[in-house]
Number of protein chains: 2
Amino acid sequence: MEKFQETLQKILPVNGEVMEKTQERLDDLTKPPGSLGVMEWIAKKIAGITNEVKPGIPQKTCILIAGDHGVVAEGVSAYPSEVTPQMVMNFISGGAAMNVLSRHAGAELIIVDMGVAGDLPDMPLLIKKKVAYGTENMCRGPAMTREQALKAIENGIEVAEEVIQRGTGIIGIGEMGIGNTTPSTAIISLYSGKPVEEVVGRGTGVDDERLKIKINAIKRAVELNKPETADPIDVLSKVGGYEIAGLTGVILACAVHRVPVVIDGFISGAAAVIAGALNAEVKDYLIASHLSEEPGHRAMLDYLGLNPMLYMNMRLGEGTGAALAMNIIDASLKILNEMATFSEAGVSEKIEDEQKV
Amino acid sequence: MEKFQETLQKILPVNGEVMEKTQERLDDLTKPPGSLGVMEWIAKKIAGITNEVKPGIPQKTCILIAGDHGVVAEGVSAYPSEVTPQMVMNFISGGAAMNVLSRHAGAELIIVDMGVAGDLPDMPLLIKKKVAYGTENMCRGPAMTREQALKAIENGIEVAEEVIQRGTGIIGIGEMGIGNTTPSTAIISLYSGKPVEEVVGRGTGVDDERLKIKINAIKRAVELNKPETADPIDVLSKVGGYEIAGLTGVILACAVHRVPVVIDGFISGAAAVIAGALNAEVKDYLIASHLSEEPGHRAMLDYLGLNPMLYMNMRLGEGTGAALAMNIIDASLKILNEMATFSEAGVSEKIEDEQKV
């Protein structure tokens, strides 16, 4: 609780002065001003976060947090809860999509058990931060107690601080948890004010019947628990999940330590919404990666004031979109660092600019 | 002329049987079927092109073709034509955005002079294929003769065949040519049937006054030259350009030799439209990279039946979007090759699927 409050209070705004200097350099490179669009925005944003006019290529870590969901008992998912620990084992042995894409991105992949409904063996690659064996069924009461939610946030802060201490300069976030589009939908419905039907999706691929069950379960959970959006911890504990809380903690730690966070899809988006609701400055530390197939993802990005760069029709989670975006972020920083300026290259500037001189 | 006809006739359809086998493997990987969206589509497409169920990571080349445009005399661009050879020198010395992004993609970058309005020095990194010192002003007559357009296509075929012979397995295309959004706008207006006003954009960044001049110039050129869309070479020669024709040749050669082509923005899109109009099978060999800021780019991709994966608000050209996409294409092939299957990883499949058994 103390760590959480302390972290929240230590978050400062990004550095506008440094961003202006970076913009000057970007405008002096041999290209029409602004013609590299989002790549320029990324370079400038990372400059503002890191306080460096020309930030170098950062050491990368992806943090994947797993948790289970009591609401799966209602029949909201196409897969059984046993898939969560099975997939954790798959991550550990390196065969999941996220392993492939983290390796491809040159990022270390950290796997965290924050609330898997089963015991996992001790393994060097698994970080055990389990708060409980999955959430309670939010259709029958709060998913977590307030204390459990805060504990998961603080565990997330600890995981992030540990990798930042080891030199990580950018963090991608992802998750695994059968049923977790259900709490994420509840969260964005509450913060966007949009009806559940507008922001709900098929998750891993439920059929029409299960989709109805899912919508109904979310509505019942919200009606029963009456989460207060003015108190993000209330929302998180009543209709959230352990992996969502853990990722909220990761985001808060990144903002304090001025490390950019690349968010993935719908579940890491829910964590970002909670973090942004806790402290609006956090939004300036976030980089959106892809636009998920989940209809509510756009509402999350709108809430955060972010635009996705990748349109890949992906809906896998794990952090796969965030890992893909890492390469584009590296490219953006190389543009800032490696391109020639007009004067260096002896290239003429715009006719209008010349005429003004 | 003979080489052109021969190339056009040798283009075959992609291999549907191989694509089905690739789809089977994709569906057996530890993820909900289809959940990696466009990544799966890319892997399957490259399988169909290369006739390999599990194609490996290809050797990459980006081909950047430069040419000048007589229509610049009408005042359609924010930059003077002298910038074209200046930027070619910048490419040769490695300081342009495309140099940075090609290096980042692990791609060789080939620079070709197909019609720059000035003499360039002999340099080991420059391929000289100049057909003329820029096009004629299309507001006063055809931009090129039919023979010149065909010569530029054949030169493009030669450049591509040379790099394919050296082992290139994927080609990204890009261009440099002050004024070249003007002919590209004429081409997409003709093939989409949309009025010039709907598909025109600000190119490198013209103001309102120049935009009016540009629209007017395109309309006059089309009215004067009366290009026939049923004869793509007629369109290309009357309102095209040398770099556009050269890239058309590159695309045709790739389709013959079953090498995927990554198209960039608005100008390489115009080349793809011409290639697709010459032979519709060509479209199956293309991968779209980003959606350009030029409003007419969407119409081009619609004509080609393609969806862009990157939304970066870019409008630089050079092949920068294609180079950025190379990394995502590599990632897609790694997914196909490196992920575990359900049985390998011991992960349960969908509940509905289990129940069906």
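Can you work out which of the residues in segment B:142-158 that are out of contact with any Lys or Arg (no Cβ under 7 Å at 6 or more places or on another chain) and open to solvent by 10 Å² or more (accessible area, probe 1.4 Å) is farthest from B:Lys238 (Cα to Cα)?
B:Glu158
Pairs only if they're at least six apart or on different chains, beta carbon under 9 angstrom, first in segment B:279-297 and farther than 27 Å from B:Gly201 by Cα, second among the polar types (S, T, N, Q) and modelled with pLDDT of 95 or more; list them, first residue then second.
B:Asn279/B:Gln9
Among the numbered criteria (1) open to solvent by less than 10 Å² (accessible area, probe 1.4 Å); (2) among the hydroxyl-bearing types (Ser, Thr, Tyr); (3) touching a Lys or Arg at 6+ places or on another chain (Cβ under 9 Å), which one does A:Thr204 miss?
Every listed condition holds for A:Thr204 apart from (1).
Could you please find all residues in segment A:64-80 being surrounded by fewer than 22 Cβ atoms within 10 Å (Cβ to Cβ) and either without any contact (Cβ under 8 Å) to a residue 60 or more places away in the chain or within 10 Å of chain B (Cβ to nearest Cβ) (or both)?
A:Gly75, A:Ala78, A:Pro80
Is it true that A:Asn51 is at pLDDT 95 or above, more than 10 Å from every other protein chain (Cβ to nearest Cβ) and on the phi > 0 side of the Ramachandran plot?
Spelling it out, A:Asn51 is indeed at pLDDT 95 or above, more than 10 Å from every other protein chain (Cβ to nearest Cβ) and on the phi > 0 side of the Ramachandran plot.
Could you tell me whether A:Met123 is part of a loop (DSSP other than H, G, I, E, B), open to solvent by less than 60 Å² (accessible area, probe 1.4 Å) and without any contact (Cβ under 8 Å) to a residue 60 or more places away in the chain?
yes
Which residue pairs have Cβ atoms closer than 7 Å, lie 6 or more positions apart in sequence or on different chains, and pair a first residue in segment B:244-269 that is at positive phi with a second residue that is of a type outside the set (D, E, K, R) and surrounded by fewer than 24 Cβ atoms within 10 Å (Cβ to Cβ)?
Here the result reads B:Arg258/B:Thr50; B:Arg258/B:Asn51, each pair linking segment B:244-269 to a residue that is of a type outside the set (D, E, K, R) and surrounded by fewer than 24 Cβ atoms within 10 Å (Cβ to Cβ).
Considering only segment B:275-284, I want to know if a residue exists there that is within 18 Å of B:Phe4 (Cβ to Cβ) and in contact with a Cys (Cβ under 7 Å, 6 or more places away or on another chain).
Within segment B:275-284, none of the residues are within 18 Å of B:Phe4 (Cβ to Cβ) and in contact with a Cys (Cβ under 7 Å, 6 or more places away or on another chain).
What about B:Lys219, is it surrounded by fewer than 19 Cβ atoms within 10 Å (Cβ to Cβ), under 30 Å from A:Ile351 (Cα atoms) and without any contact (Cβ under 8 Å) to a residue 60 or more places away in the chain?
Against the criterion (surrounded by fewer than 19 Cβ atoms within 10 Å (Cβ to Cβ), under 30 Å from A:Ile351 (Cα atoms) and without any contact (Cβ under 8 Å) to a residue 60 or more places away in the chain), B:Lys219 qualifies.
Let me confirm something: among B:Glu161, B:Glu197, B:Glu175, which residue is open to solvent by less than 30 Å² (accessible area, probe 1.4 Å) and acidic (Asp, Glu)?
Answer to the check: B:Glu175.
Count, please, the residues in segment B:222-240 that happen to be open to solvent by 40 Å² or more (accessible area, probe 1.4 Å) and either basic (Lys, Arg) or touching a residue at least 60 places away in the same chain (Cβ under 8 Å) (or both).
3
What's the total number of residues in segment A:82-115 that are closer than 13 Å to A:Glu175 by Cβ and more than 8 Å from chain B (Cβ to nearest Cβ)?
11
Mind listing whichever residues of segment A:298-320 are more than 8 Å from chain B (Cβ to nearest Cβ), of a type outside the set (A, V, I, L, M) and in contact (Cβ under 8 Å) with a residue 60 or more places away in the chain?
A:Asp302, A:Tyr303, A:Gly317, A:Glu318, A:Gly319
Report, by residue number, each residue of segment A:1-43 that is surrounded by fewer than 21 Cβ atoms within 10 Å (Cβ to Cβ), among the basic types (Lys, Arg) and in contact with a Leu (Cβ under 8 Å, 6 or more places away or on another chain).
A:Arg25
Name every residue in segment B:331-349 that is part of a helix (DSSP H, G or I), open to solvent by 20 Å² or more (accessible area, probe 1.4 Å) and at the interface with chain A (Cβ under 10 Å from one of its Cβ atoms), in order of residue number.
B:Lys334, B:Asn337, B:Glu338, B:Glu344, B:Ala345
Out of A:Val131, A:Val83, A:Val88, A:Val53, which single residue is in contact (Cβ under 8 Å) with a residue 40 or more places away in the chain and open to solvent by 20 Å² or more (accessible area, probe 1.4 Å)?
Criteria check complete, one pass: A:Val131.
Of the numbered conditions (1) without any contact (Cβ under 8 Å) to a residue 12 or more places away in the chain; (2) under 23 Å from A:Ala160 (Cβ atoms), A:Thr61 satisfies every one except a single condition; which is it?
(1)
Return a yes/no flag: does segment B:64-79 have any residue that is modelled with pLDDT of 95 or more and in contact with a Leu (Cβ under 8 Å, 6 or more places away or on another chain).
Yes - at least one qualifying residue is present in segment B:64-79.
The values are calculated or read from the model by the stated rules, or taken from the named source; none is laboratory data. Keep in mind that this is a model prediction, so the values were computed, not measured. Cβ coordinates were reconstructed from backbone atoms using ideal geometry, including for glycine residues, and neighbour counts include every protein chain displayed. The protein model used for the area step is the full one, side chains on, heavy atoms only, and it has no ligands, DNA or RNA in it. Shrake-Rupley method; radii C 1.70, N 1.55, O 1.52, S 1.80 Å.
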